[in-house]
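Novice: Take a look at this one; I'll ask things after.
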Amino acid sequence: MDIKIIIKDRNNEKRTVSAPIDMNLNLMEVLKIHNYPIEGTCGGMALCASCHVYINSENLLPPISDSEQAMLDDNWDSKQNSRLACQIPMSKDVDLLNIEIAPESF
Ligand code: FES
């Protein structure tokens, strides 16, 4: 089964992409597959924040781990709705998740 993710990029362009839920992918990997400019430098360990996104829907998401929180706290452009995409596994819970890619960190 596939789910849909609604993505707003850094140019404010919105697109809906499909993602399978049976391939053990996280949102960072889905963004990379669809050629979004997400580096994922740490390989999904919540250690680089290059996969920072804002969540604009009310989907049920896994709780924020201590390391994710620490990365978000250190990030100048973090907001209340910030998450690291690599910490969001693809599942039925995130169908129609609405996200915005955060500005590039320097
Ligand atoms: S890929 Fe490094 S924090 Fe998500």
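Novice: If the requirement is being modelled with pLDDT of 95 or more, of a type in the set (D, E, K, R) and exposed (fewer than 13 other Cβ atoms within 10 Å of the Cβ), which of these qualifies: Glu58, Glu100?
Specialist: The unique qualifying residue is Glu58.
Novice: Scan the stretch 36-43 and give yes if some residue there is within 13 Å of the ligand (Cβ to nearest atom), of a type in the set (Asp, Glu) and assigned to a helix (DSSP H, G or I), otherwise no.
Specialist: Looking for residues that are within 13 Å of the ligand (Cβ to nearest atom), of a type in the set (Asp, Glu) and assigned to a helix (DSSP H, G or I), one finds none in the stretch 36-43, hence no.
Novice: Filter the stretch 44-64 down to the residues that are within 20 Å of Trp76 (Cβ to Cβ) and hydroxyl-bearing (Ser, Thr, Tyr), then identify the one that is nearest to the ligand (Cβ to nearest atom).
Specialist: Here the residue is Ser50.
Novice: Would you confirm whether or not the stretch 14-23 contains a residue that is touching a strand residue (DSSP E or B) at 6+ places or on another chain (Cβ under 9 Å), exposed (fewer than 12 other Cβ atoms within 10 Å of the Cβ) and among the hydroxyl-bearing types (Ser, Thr, Tyr)?
Specialist: yes
The values are calculated or read from the model by the stated rules, or taken from the named source; none is laboratory data. Please read these numbers as outputs of a predicted model, since none were measured by experiment. Cβ: placed from backbone, ideal geometry, glycine included. Neighbour counts: every protein chain shown.
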